Amino acid sequence: RRETVQQRLVSVFERYGLPDRMTMDNGAPWGDTTGTWTALELWLMRHGIRVGHSRPYHPQTQGKLERFHRSLKTEVLQGKWFANEGELQRAFDHWRTVYNLERPHEALDMAVPGSRYQPSARQYSGNTTPPEYDEGVMVRKVDISGKLSVKGVSLSAGKAFRGERVGLKEMQEDGRYEVWWYSTKVGVIDLKKKSITMGKGC
């Protein structure tokens, strides 16, 4: 659930600061198989975090993460039984210390990951500011149904953008606009076709 994931992320951000970027898969609540934006992604971008996704059905594009999960499963979970959550958490904590501070990694020239880690300089405050767009950018508010109007044409931006202000940058081609949310291009409008494409591939 988005709310649960969001709460956990807040705890992490409060402790370690805000990352510059997060790369994730396309499963709920991180993404959507249709390629549309989700409320969780907008929440991350609202906090100045760039959002990236692996290619759908191509887990190898996040090879390091897949390798990490395989090591965790083999060394901590496989063939083990834990009496309660506390016992499981202690096993995780011990393994994390070994993984980050004791075990050298070939990809790091046999250094340990902890020697390369730097905490983020961007602190999490929980406060966000509305998006600001450059002069000359048309600003449109998405209505409660997820639609916006451009020169009399009603277009669907998606449920995640309900009540939000997006910026429209005119493209070289007549009647085409880039749709921006904060500093991320989130879609393209073609007024000649009366169409809008919202998604990560835009």
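Here is how the numbers come out for the structure above:
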quantity	calculated
The one condition in (1) farther than 28 Å from residue 181 by Cα; (2) of a type outside the set (Lys, Arg); (3) in contact with an Asp or Glu (Cβ under 9 Å, 6 or more places away or on another chain) that residue 72 fails to fulfil	(3)
Filter result for the condition that a residue is loosely packed, with under 15 Cβ neighbours inside 10 Å, hydroxyl-bearing (Ser, Thr, Tyr) and within 26 Å of residue 24 (Cβ to Cβ), over 183, 154, 149, 145	183
Residue match in segment 149-163 (condition: touching a His at 6+ places or on another chain (Cβ under 8 Å), polar (S, T, N, Q) and outside the structural domain of residue 16 (by TED's automatic domain parsing))	no
Sole residue being at pLDDT 95 or above, assigned by TED's automatic domain parsing to the domain that holds residue 10 and surrounded by fewer than 11 Cβ atoms within 10 Å (Cβ to Cβ), chosen from 102, 106	102
Top-ranked residue in segment 5-19 [being within 12 Å of the chain's Cα centre (by Cα) and assigned to a helix (DSSP H, G or I); ranked as farthest from residue 127 (Cα to Cα)]	5
Residue list for segment 113-123, filter: surrounded by 12 or more Cβ atoms within 10 Å (Cβ to Cβ), not in a helix (DSSP H, G or I) and not polar (S, T, N, Q)	122
Filter pass, residue 63 being assigned to a helix (DSSP H, G or I) and loosely packed, with under 14 Cβ neighbours inside 10 Å	yes
Identity of the residue in segment 6-49, surrounded by 14 or more Cβ atoms within 10 Å (Cβ to Cβ), β-branched (Val, Ile, Thr) and over 22 Å from residue 119 (Cβ atoms), that ends up modelled with the lowest pLDDT	36
Residue under evaluation residue 87, criteria (1) loosely packed, with under 13 Cβ neighbours inside 10 Å; (2) under 30 Å from residue 45 (Cβ atoms); (3) of a type in the set (D, E, K, R), criterion not met	(2)
Condition met for residue 177 (in contact with a Pro (Cβ under 7 Å, 6 or more places away or on another chain), at pLDDT 90 or above, within 25 Å of residue 46 (Cβ to Cβ) and not assigned by TED's automatic domain parsing to the domain that holds residue 51)	no
Close pairs from segment 51-73: first in the same structural domain as residue 98 (by TED's automatic domain parsing) and within 16 Å of residue 92 (Cα to Cα), partner in a helix (DSSP H, G or I) and modelled with pLDDT of 85 or more, Cβ under 9 Å, at least 6 apart	68/99; 71/95; 71/99; 72/92; 72/95; 72/99
Pair list, Cβ under 7 Å, 6 or more apart: segment 85-112 residue outside any helix (DSSP H, G or I), other residue surrounded by fewer than 11 Cβ atoms within 10 Å (Cβ to Cβ)	104/110; 112/102
Filter result (farther than 21 Å from residue 39 by Cβ, among the basic types (Lys, Arg) and not in a strand (DSSP E or B)) within segment 124-173	151
Residue match in segment 112-126 (condition: among the aromatic types (Phe, Trp, Tyr) and touching a strand residue (DSSP E or B) at 6+ places or on another chain (Cβ under 7 Å))	no
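The values are calculated or read from the model by the stated rules, or taken from the named source; none is laboratory data. Quantities reported herein were computed from a predicted structural model and do not represent experimental measurements. Here Cβ is always computed from backbone atoms with ideal geometry, including for glycine, and neighbour counts include all displayed protein chains.
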